[in-house]
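First comes the structure, then the notes that go with it.
What follows is calculated from the coordinates using simple rules that are stated; it is not laboratory data. In this text the structure is predicted, and so the values were computed from the model without any measurement. Cβ atoms come from the backbone with ideal geometry, glycine included; neighbour counts cover every protein chain shown.
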Amino acid sequence: MSTPIAKNSTPSPTPATSAAFRIRRARRGDVEALSTLLRELGYTDGSDTQTVHWVTSHPEIEIFVACDPQDRPVGMLSLSHRPQLRLRGRIATVDELVVTEPWRRRGVGRALLLHAIERARVLSVKRLELAARRDVGTETARFYEACGFVADCMVFRHSGS
């Protein structure tokens, strides 16, 4: 089960890029790198070409990748957004966030989250949520909190899904 975390405050300003990496939208050619990152996140099957092409061309899903100086993805964030009745506007969700092990603790995850927060502002999103596993760990929870997210509610998944 996941615990959604709703954004309620603004994180401390941090540059969205550095000399070591830059953030861009994922491209169809990033299929293998995205699959590798998803496996590192714990999804053993990663993803396939057809799904990556579908997601990267979907109007309500955006994947941002942090790339090293050779333009190889070292981190990714998937952001979905859609209209919602009860909010009378758009809601956005950070669906996946992962940074490859050698690039952790270098500002990549924070930069990806700040990029998503800014994109949500541009889209006039009413609420930005981040779903994380219950066993996410204290260090990761502190990281999300430092980026302006707070624990909010539980999510129940249908057992047939």
message: If R₀ is 35 angstrom, what is the calculated FRET efficiency for the pair residue 154 and residue 45, using the beta carbon separation as r and rounding to 0.05?
response: 0.85
The stretch 66-73 - phi-based ³J(HN,Hα) in whole Hz, Karplus 6.51/-1.76/1.60, Gly and Pro as x: 9, 10, 6, x, 8, 6, 8, x
- request: Can you check what the net charge comes to around residue 102, using other residues whose Cβ is under 14 Å from the Cβ of residue 102 (Lys, Arg +1; Asp, Glu -1)?
  value: +1
field: For peptides 37-44, 90-97, sequence by mean Cβ density within 10 Å, most packed first
entry: 90-97, 37-44
message: When a/c reaches 1.5 or more, the comparison of a/b and b/c decides; with that in mind, is the chain rounded, prolate or oblate per its Cα gyration tensor?
response: rounded
statement: The alpha-carbon center of the stretch 112-144 and that of the stretch 18-59 are separated, in whole Å, by 18
Options 77, 64, 117, ranked by Cα towards positive dipole end of the stretch 2-151, top entry (Cβ charges): 117
